[in-house]
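Computed from the coordinates by the stated procedures, all read-outs in this text should not be read as laboratory data. Predicted model only: the values in this text are computed from it and were never measured. In this analysis, Cβ positions are derived from the backbone assuming ideal geometry, glycine residues included, and neighbour counts consider all displayed protein chains.
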Amino acid sequence: ETGLTEGKKCSVCGTVTVEQTEIAAKGHTEVTVEGKDATCTETGLTEGKKCTVCGTVTVAQTEIPAKGYTEETVPGKDATCTEAGLTEGKKCSVCGTVTVAQEVIPAKGHTEETVPGKDATCTETGLTEGKKCTVCGETTVAQEEIPAKGHTEEVIPGKDATCTEAGLTEGKKCSVCGTVTVEQTEIAAKGHTYGDWVTVKEPTATEDGLREKVCACGDKITEAIPATGEDTTAEDTTVEDTTVEDTTVEDTTVEDTTVEDTTVEDTTVEDTTVEDTTHEEVPTTEESTPEETTKEEATTEEEKDSCRGVVGAGVIFAILALGACVVAKKED
């Protein structure tokens with residue numbers, strides 16, 4: 001719009017004393033009016049303009065429609081034994097406004113199962129029965145330790161050593177688990193302890209005797225006693241007269257060689273003397289011829305000696321045979 005210069009007029013009669021002149025319009029002095037972005041839920045405005053002097057809008061602002069939500073899924077969460085879960089939800093990815101709220105899923109609670117206990121032994125601790133959840137594995141009833149029982153000892157009998165067998169000391173073992181708590185040690189065999197020699201059978205002239213010594217356990221050691229080699233049973237077996245008075249071999253017939261008494265009384269030979277071992281001349285039924293006489297006279301000294309030996313040997317043999325008879329009689 002145009003303007004007017006200052007003028008004057010009479011205040012009584014109204015006459016204009018100084019005319020006003022038109023002043024041309026200045027035009028608007030524009031400034032920008034900022035626009036506004038639209039949001040998910042609110043409209044926006046475009047940029048405009050207005051006069052800074054009169055405020056007249058020279059460029060009007062236009063409305064920009066609201067954008068609306070850009071939804072995204074909010075993941076849910078499964079409930080556990082002890083913690084609650086959440087259902088799936090939605091929210092705007094631009095402004096974060098929750099468009100679908102999540103709902104709480106209650107905790108499920110534990111599903112219990114029994115944990116077997118363990119009996120205590122003599123040397124190992126045990127455990128009481130417990131419980132745990134089959135889903136999450138959490139222990140709901142803790143197991144407690146049961147102290148070891150310790151051994152229940154019983155005596156293992158020992159064994160005395162003998163002469164030939166080793167023995168054992170007394171030991172101990174647990175009557176429950178069988179563990180040996182005190183080992184048995186070996187006792188060495190004692191060996192035989194024999195007494196003095198005792199004669200069981202006296203030796204004779206021809207047979208060995210026997211002696212023995214005995215251990216307390218009954219074991220025996222025997223040993224032969226050599227035969228004496230001489231007749232110790234006959235008190236008198238001396239031949240009083242064994243002299244051959246005449247050893248001339250004219251007649252070799254022994255007239256009397258009878259032993260008068262060979263009876264053994266109290267194992268003693270009373271009289272074993274050969275009364276007469278002298279050869280007597282026995283008459284021949286025929287006379288000797290001169291040739292035979294000559295032959296007899298021609299007998300050499302060597303033949304006579306031989307005859308004497310034969311006769312002497314016969315006497316000795318008779319004595320030995322008699323002694324053997326006496327010994328056999330005594331043994332019977």
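Quick notes on this one:
- Report note on the peptides 98-107, 202-211: ranked by the mean count of other C-beta atoms within 10 Å, highest first, their order is 202-211, 98-107.
- Once the Cα-Cα distance is subtracted from the 0.36 nm per residue extended length, the GLU183 to VAL57 segment shows a gain of 33.5 nm.
- Set of the stretch 174-208 residues, backbone N closer than 15 Å to the point 7 Å along the Cα-Cβ line of CYS163: 189-198
- CYS136/THR114 FRET efficiency (R0 25 Å; Cβ-Cβ; nearest 0.05): 0.95
- Compactness relative to 2.2 N^0.38 Å, alpha carbon Rg of the stretch 1-108: 2.48
- Close amide H contacts of GLU30 (hydrogens built in the peptide plane, cut-off under 5 Å, sequence separation of 5 or more or a different chain): THR52.
- In this calculation the C-beta distance from ALA79 to GLU42 is compared with R0 = 51 Å, giving a FRET efficiency of 0.85.
- Net charge, GLU34 excluded, C-beta distance under 12 Å - Lys, Arg +1, Asp, Glu -1: +1
- Stretching LYS8 away from THR32 to a fully extended chain increases their span by 4.6 nm, per 0.36 nm per residue minus the current alpha-carbon distance.
- For GLU71, distant residues with modelled amide H under 5 Å away: SER93
- Neighbourhood net charge (14 Å Cβ-Cβ; Lys/Arg +1, Asp/Glu -1) for ALA79: -2
- Proximal lysines relative to LYS201, as straight alpha-carbon distance under 20 Å, when same-chain residues fewer than 8 apart are discounted: LYS213, LYS220, LYS329, LYS330
- Calculated FRET efficiency for the pair VAL155/ASP219, C-beta based, R₀ 22 Å, to 0.05: 0.10
- Over 31 Å (Cα to Cα) - which of LYS8/LYS49; LYS9/LYS49; LYS131/LYS173; LYS77/LYS131; LYS77/LYS132 fall in this group: LYS8/LYS49; LYS9/LYS49; LYS131/LYS173
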